[in-house]
1. Taking amide H positions as placed 1.01 Å from N in the peptide plane, with prolines and chain starts having none, which residues 5 or more places from residue 177, or on another chain, fall under 5 Å of its amide H?
2. Given a Förster distance of 45 Å, report the FRET efficiency between residue 90 and residue 33 from their Cβ-Cβ distance, rounded to the nearest 0.05.
3. Amide H of residue 97: which non-local residues (sequence gap of 5 or more, or other chain) have their own amide H closer than 5 Å, using H built in the peptide plane?
4. If packing is taken as the average number of other Cβ atoms within 10 Å across a peptide's residues, how do 29-38, 96-105 rank, most packed first?
5. Given 0.36 nm per residue, what is the gain on full extension from residue 16 to residue 155 after removing their alpha carbon distance, in nm?
6. Which pairs break 19 Å Cα to Cα here: 162/183; 50/107; 163/183?
7. Determine, from the Cβ-Cβ distance of residue 164 and residue 136 and an R0 of 35 Å, the FRET efficiency 1/(1 + (r/R0)^6), rounded to the nearest 0.05.
8. Once the Cβ-Cβ distance between residue 117 and residue 54 is put in as r, and R0 is 25 Å, what FRET efficiency do you end up with, to the nearest 0.05?
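A short reminder: the numbers here are calculations on the coordinates, not readings from a lab. Here the structure is a predicted model, which means the values were calculated and not measured. Glycine gets a Cβ as well: all are built from the backbone with ideal geometry, and neighbour counts include every protein chain shown.
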Amino acid sequence: MLIVMNEILEILNQYANLILVVITAIYAYMTFVTVKIMRRQVTADIRVAKIHLRVSAEGKRDGFKISALKELIRRPYGSLKEITFVFRMFADFVNVSYGSGAIDQPKLLIKFQHSNFELEVRPTSERIGAARRTVIIPGGGFEKIDLDYFVAFNEKFLEQIKKNPNAIEYYVRYRDNSGRRHKVRIDDVDGLR
């Protein structure tokens, strides 16, 4: 019996370092997985749940309203200088993580297909839920945001509309508290098309 015990101890002694390395590697991997899960729970993950944009244009002097972007092509250039574009965005932002987070006030980005033209518009008035420059969204929560954007006469913008009124695309651009920039296309648009 003593001889068998000595042989077992001798075998364990020979492979002790290897066993210790294997156990340490398993422990390090399990710690890494745990830290990764904890980081995901603490870090905010803010996404756009629903977004809607209403677009209109008005003349300052004579109060005319435009129902389609194609109407701008027929208007004389002098009357186009009086146009103000009004954009109203309704958005629901959701934090799908447990950690609280924040976003900067979303900006409206107007682009045209097959063109490098890009117009970034900051919100001009706050309505529901966005009275601050930074919108805080608790973990698992959501925030409804209603913002107005105004674009007064912009020659390059009107040139792009005249060239191809059907190529206009709208995006919302925002930055979250971890510094990541997000750009989401707005497909639900009514009003001017």
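1. Amide H to amide H, under 5 Å and 5 or more residues apart or across chains, residue 177 pairs with 102.
2. Efficiency for this residue pair is about 0.65.
3. 45, 140
4. Numbers: 29-38: 9.9, 96-105: 16.8.
Packing order, densest peptide first, comes out as 96-105, 29-38.
5. Numbers: separation 139, 0.36 × 139 = 50.04 nm, distance 7.81 nm.
My answer for the length gained is 42.2 nm.
6. Working: 162/183 26 Å; 50/107 16 Å; 163/183 25 Å.
Distance filter (> 19 Å) returns 162/183; 163/183.
7. Numbers: r = 40 Å, r/R0 = 1.14.
E between residue 164 and residue 136, to the nearest 0.05, is 0.30.
8. Numbers: r = 22 Å, r/R0 = 0.89.
Computed FRET efficiency for residue 117 and residue 54 comes out at 0.65.
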